[in-house]
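Since the structure comes first, as structure tokens, the remarks are kept for the end.
What follows draws every value from the coordinates through simple rules; no lab data is involved. Since we're looking at a predicted model, the values are computed, not measured. Cβ sites come from the backbone with ideal geometry, for glycine too, and all protein chains shown count toward neighbours.
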């Protein structure tokens, strides 16, 4: 048997005018729900905040995997936790990583650390044992629908080796350009949680699309 692969559809690609219905359509095939939070500073786009997370939480019991693409995530961690976030991922590039990890632990939210395509694995390696989730970006954060960057795969492999050698249970998550043609390569590199946006919500049947990505990831028909 191959590794267990989980799917986290990204609501960034959903129809925000019908977000509850969009979540209902994908929920049967979703393990987590990925929530992209962009501040217009750390990345050149602006999306949603804690009020939308709170609305999603009232509507769904899915695990809410909140990716905070923010310059100052520490100022908002408590608000996201109160809104119902299950985990928050902050970027190693913003600095203050030790303090952010401590704050998330104190709040009782799952602790994620995200890393941009150009940032080397060595930047996150010191924190591997302190987090629950490592989010490796395979596109430049800020916009959906981008081309998958295969050159990031060695970083995924390095993360997998480090986690396995240390006997850790850290989830390796990959986000960016994930579809039926790229899923198998990221799983082969060591990812176990796949974020997919356009390939899921851009399909006529999002749940079926998520299922196809899951099967492709493990080489199943």
Kindly provide the helix-only [θ] at 222 nm of the chain, computed as the sum of -39,500 (n - 2.57) over DSSP H runs of four or more divided by all residues, to the nearest 500 deg cm²/dmol?
-9000 deg cm²/dmol
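Say R0 is 22 Å: what FRET efficiency, to the nearest 0.05, do residue 71 and residue 205 get from their beta-carbon distance?
Details: r = 37 Å, r/R0 = 1.70.
E(calc), rounded to 0.05, equals 0.05.
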Rounded to the nearest 5, what is the percent of antiparallel bridges among the DSSP beta bridges in region 1-98?
10 percent
Which of 69, 193, 104 comes first, and how do the rest follow, when ranked by fewest Cβ neighbours within 10 Å?
193, 69, 104
Order of 173-184, 146-157 by packing, highest average Cβ count within 10 Å first?
173-184, 146-157
Sorted from fewest to most neighbouring beta carbons within 10 Å, what does the list 107, 68, 33 look like?
107, 33, 68
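If you take the Cα Rg of the chain and divide it by 2.2 N^0.38 Å, with N the number of residues, what do you get?
Scaled against compact globular proteins, the figure is 0.93.
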Estimated distance in nm for a label pair at residue 79 and residue 102, the labels positioned 7 Å out from Cα along Cα-to-Cβ:
2.3 nm
DSSP beta bridges in the chain, what fraction antiparallel, as a percent rounded to 5?
5 percent
Ratio of Rg to Rh over region 1-48 (Cα coordinates, Kirkwood Rh, two decimals)
1.09
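Sort 91, 59 so that the residue with the fewest other Cβ atoms within 10 Å of its own Cβ comes first and the one with the most comes last.
In increasing order of surrounding Cβ atoms, one gets 59, 91.
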Taking the Cα atoms of region 159-210, report the difference between the largest and smallest coordinate on each principal axis, in whole Å and largest first.
42, 17, 15
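Say R0 is 45 Å: what FRET efficiency, to the nearest 0.05, do residue 123 and residue 61 get from their beta-carbon distance?
0.85
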How much length, in nm to one decimal, is gained on full extension between residue 180 and residue 165, taken as 0.36 nm per residue of separation minus their Cα-Cα distance?
2.5 nm
